[in-house]
1. Confirm whether B:ILE64 is touching a residue at least 40 places away in the same chain (Cβ under 8 Å), over 23 Å from A:ASP161 (Cα atoms) and open to solvent by less than 40 Å² (accessible area, probe 1.4 Å).
2. Does B:THR196 meet the test of being of a type outside the set (Lys, Arg), open to solvent by less than 60 Å² (accessible area, probe 1.4 Å) and more than 23 Å from B:PHE158 (Cβ to Cβ)?
3. In the range A:172-229, how many are polar (S, T, N, Q), in a loop (DSSP other than H, G, I, E, B) and either open to solvent by 40 Å² or more (accessible area, probe 1.4 Å) or over 26 Å from A:SER147 (Cα atoms) (or both)?
4. Condition check: part of a helix (DSSP H, G or I), surrounded by 15 or more Cβ atoms within 10 Å (Cβ to Cβ), modelled with pLDDT of 90 or more and within 7 Å of another protein chain (Cβ to nearest Cβ). Does A:PHE58 satisfy that?
5. Identify all residues within the range A:1-52 that are within 14 Å of chain B (Cβ to nearest Cβ) and polar (S, T, N, Q); write none if there are none.
6. Please go through the range A:143-164 and give me each residue that is under 24 Å from A:VAL227 (Cβ atoms) and within 14 Å of another protein chain (Cβ to nearest Cβ), ordered by number.
7. Does the range A:134-149 contain at least one residue that is crowded, with 16+ Cβ neighbours inside 10 Å, of a type in the set (Val, Ile, Thr) and assigned to a helix (DSSP H, G or I)?
8. Pairs please, first residue from the range A:184-204 and more than 7 Å from chain B (Cβ to nearest Cβ), second anywhere and at pLDDT below 90 and open to solvent by 60 Å² or more (accessible area, probe 1.4 Å), Cβ atoms under 6 Å, 6+ apart in sequence or on different chains.
Amino acid sequence: MSFDISLILDSLPKMLSGIGLTFQLLILSGVLGLFLAFVLLLMRLTEKWYFSFPAQIFIYVFRGTPILVQIFIIYYGLPQFEAIRESIFWPILREPFGCAIVALTLNTGAYVSEILRGAVLAVDRGLLEAGSALGLSRNQRFIYITSPLAIRLGIPPYSNDVISLLKSTALASTITVFDMMGIARTIVAETYAPYEIFISLAIIYMIFTFFIQKGFGYFENFMSRHVKK
Amino acid sequence: MEAITGWWDDYFFATIVVLKIFMASLLLMVIFGLIGAAAKLSNSIIAKKIANAYTIIFRGTPEILVVLLIYFGSAIALTALFQVFDPSIKYVDVPPFWAGTFAIALIVGSYATETFRGAFLGVEPGSIEAARALGLSNIQTFIYIRIPEMWRIALPSFGNHMLSLVKDTALISIIGLNELLFVAEQATATTGKPFTMFIIVGLIYLGISTVITLFVMGLEAYGRSHLRAVK
């Protein structure tokens, strides 16, 4: 058992060529997932059962099953139906990349909407009462009082979820997406040097995690700049 | 749905495999978590450094990467180790069950480390002082005061860790263990009905996580039972 440095130097540029796909997966599904989470949040905050119940079922199903199973259902499962193959979504669902985006979006949307709901419910009631005493309408209270405070409360758990999303993007390699993980797996299959390749890839992912944490840390400081330390 | 007939027994045994992995990794996860928390709370700087590295590494790398690294890595390491004693051995096979169980227990154990650490720190100092005043020894304080207070604090996060463990078992199909996703792939190859086969896997996982959620809710209610009289 030896540690082959030249192999790492050879394969690092190859793996880093997949960085673009990893970023695309992370950012596309992150943004779409945030939008979905917001829609789900609004559905749950209405008191109409026909809005909140479907949202609750969606969140329950996507939080209760492994993301890998969700990816497989969307990539391998959906083409079983003629209707899907003839629908306008087929150009997206035909590609492994599109399926990965759809699966990651639905999954992260379910998790993030729970984070947002927790943050909204954690906003101090007294502030909302003060708002209504000042004559703000329900919508004004939501926009000017609840939202800024909820964003600040939601940042730490949300940054954890973005890190989970980054880690989940590696699962796209199971449906032949050649992101960093997919490329690393092919190199390992060719060279049979799991230590060198996988450990250097793990370090790359850890560097990303570090930057995501730092980035959200700065954002949190910015959002709470008027809070006395 | 008639495509499933003939596959029920495969799904059943695969579910048993998933439950076995869950039980084994749950035990290992608690052990890793407690060791990690003990190291982080200890006075030794080296133990703290090691525990910090452990949580940073396993919380920052994708789960699939850890599973693959431990499976292939342990095969190579064990082969090298056995060749020292018997050069005729070409390759040592590591069972995917144990490699996978160990990998997911390590991953979730790093999260459990933080949970247990927080829970031990969350024990009321007043309770400890009361125990001292009553003349309880350190061990007695640990068993009768710290543990009962600590598990109630840790329980909600611990329930989430159990759910993560269940969901991470799906990853072990990647290293070729005959579990649910693996059965679904085989069934798809024979019947050509991928959606039906993978939806069943999803429903089984949903069932397992529902049972765990209800179990944790029950435990939480039990943990609060002494507070009910106050209301």
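The values are calculated or read from the model by the stated rules, or taken from the named source; none is laboratory data. Because the structure is a prediction, the values reported are computed rather than measured. Don't worry about glycine lacking a Cβ; one is built from the backbone with ideal geometry, like all the others, and counts go over all protein chains shown. All accessible areas refer to the heavy atoms of the entire protein, side chains included, with ligands and DNA or RNA removed. Shrake-Rupley method; radii C 1.70, N 1.55, O 1.52, S 1.80 Å.
1. No; evaluated as a whole, the condition is false for this residue.
2. Against the criterion (of a type outside the set (Lys, Arg), open to solvent by less than 60 Å² (accessible area, probe 1.4 Å) and more than 23 Å from B:PHE158 (Cβ to Cβ)), B:THR196 qualifies.
3. 1
4. Considered against the rule, which asks whether it is part of a helix (DSSP H, G or I), surrounded by 15 or more Cβ atoms within 10 Å (Cβ to Cβ), modelled with pLDDT of 90 or more and within 7 Å of another protein chain (Cβ to nearest Cβ), A:PHE58 comes out as no.
5. A:SER2, A:THR22
6. Those that are under 24 Å from A:VAL227 (Cβ atoms) and within 14 Å of another protein chain (Cβ to nearest Cβ): A:PRO156, A:PRO157, A:SER159, A:ASN160, A:ASP161, A:VAL162.
7. Within the range A:134-149, one or more residues are crowded, with 16+ Cβ neighbours inside 10 Å, of a type in the set (Val, Ile, Thr) and assigned to a helix (DSSP H, G or I).
8. Once the first residue is more than 7 Å from chain B (Cβ to nearest Cβ) and sits in the range A:184-204, its partners that are at pLDDT below 90 and open to solvent by 60 Å² or more (accessible area, probe 1.4 Å) give A:GLU196/A:ASP4.
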